[in-house]
1. Among 7, 55, which comes first, second and so on when ranked by fewest other beta-carbon atoms within 10 Å?
2. Working only with C-alpha atoms, what are the Rg and Dmax values of the chain, expressed in angstrom?
3. Relative contact order, percent, of the chain when contacts are C-alpha pairs under 8 Å separated by at least 6 residues?
4. In which sequence would 74, 82 go, from the one with the fewest C-beta neighbours within 10 Å to the one with the most?
5. Stretched out fully, how many nm does the piece from residue 82 to residue 66 gain, at 0.36 nm a residue minus the Cα gap?
6. Based on other C-beta atoms within 10 Å, arrange 28, 54, 59 from fewest to most.
Ligand SMILES: [Zn+2]
């Protein structure tokens with residue numbers, strides 16, 4: 001598990017996501033992330049941890065997957081990014 005205190009956002013499917021947008025995206029009914037939706041209400045980190053465990057992605061080794069397959073984290077110490085909602089993270 002990644003220390004969620006240091007996670008300020010995500011890179012996923014060629015977009016930047018703040019935690020709120022990630023939660024909404026994963027939790028959207030009828031999305032291909034139906035499993036994450038079933039975990040609601042839950043934080044993005046909790047949904048991602050559960051999803052990773054279920055599907056077999058190793059979150060502690062981001063080189064083992066592609067950000068098109070599974071979200072990679074943006075940490076506090078990383079460069080500022082702008083979420084698709086306009087929020088600076
Ligand atoms: Zn956002």
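1. Ordered from fewest to most neighbouring Cβ atoms within 10 Å, 7, 55 come out as 55, 7.
2. 12.1, 34
3. Worked out over the chain, it gives 41 percent.
4. By the 10 Å Cβ count, ascending: 82, 74.
5. That works out to 3.7 nm of additional length.
6. On the way: 28 14, 54 10, 59 19.
So the ranking, lowest neighbour count to highest, is 54, 28, 59.
Quick note: the coordinates plus some simple rules give every number you see, no bench work behind them. None of these values were measured; they are calculated from a predicted model. When we count neighbours, we look across all protein chains shown, and the Cβ atoms used for this are built from the backbone with ideal geometry, even at glycine.
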